[in-house]
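One structure is given below, represented as structure tokens, and several questions about it will come after.
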Amino acid sequence: MYHYASLIVPCCTNGTYKGLFGKNAKQLREDRNLPARKNVRNYMDIEELLSVGLSEILTKKEIEINDITGNKPCADSCYRNASKVKSIL
């Protein structure tokens, strides 16, 4: 079984951010005038953080249920689930 902890890679973070906000982490940093290595999440409001969290929960479940492996399939799952969350907000 694929372990969710290995999702902590830029392509998955960017999949989530693109699905929710239409931008990757670098673009969000630029929009918020943050230095290149700052964690965008530290500068999100509560709604944004909850959206990311719910997206990650849905992604984790999908990955476990469907035994998804590999960066690209996991990033696609992140994007797909983040887009679902965005559609209900």
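The values are calculated or read from the model by the stated rules, or taken from the named source; none is laboratory data. None of the values given here were measured: they were computed from a predicted structure. Here the Cβ positions follow ideal geometry from the backbone for every residue, glycine too, while neighbour counts run over all protein chains shown.
Could you tell me which residue of segment 66-89 is nearest to N14 (Cα to Cα), considering only residues that are surrounded by 13 or more Cβ atoms within 10 Å (Cβ to Cβ) and of a type in the set (G, A, S)?
A75
Identify all residues within segment 66-88 that are among the hydroxyl-bearing types (S, T, Y) and modelled with pLDDT of 95 or more; write none if there are none. Break it down into steps so the answer makes sense when it comes.
If we filter segment 66-88 for residues that are among the hydroxyl-bearing types (S, T, Y), which is where we start, we get 69, 77, 79, 83, 87.
Scanning segment 66-88 gives S77, Y79, S83, S87.
State whether one or more residues within segment 49-65 are part of a loop (DSSP other than H, G, I, E, B), modelled with pLDDT under 95 and surrounded by 13 or more Cβ atoms within 10 Å (Cβ to Cβ).
Step one: of segment 49-65, the residues part of a loop (DSSP other than H, G, I, E, B) are none.
Within segment 49-65, none of the residues are part of a loop (DSSP other than H, G, I, E, B), modelled with pLDDT under 95 and surrounded by 13 or more Cβ atoms within 10 Å (Cβ to Cβ).
Filter segment 1-39 down to the residues that are part of a loop (DSSP other than H, G, I, E, B) and of a type in the set (A, V, I, L, M), then identify the one that is modelled with the highest pLDDT.
Taking segment 1-39 and keeping what is part of a loop (DSSP other than H, G, I, E, B), we get 1-3, 8-9, 22-24, 32-39.
Narrowing the set further to residues that are of a type in the set (A, V, I, L, M) leaves 1, 8-9, 34, 36.
On the way: M1: 39, I8: 54, V9: 67, L34: 97, A36: 91.
If we take residues in segment 1-39 being part of a loop (DSSP other than H, G, I, E, B) and of a type in the set (A, V, I, L, M), then L34 is modelled with the highest pLDDT.
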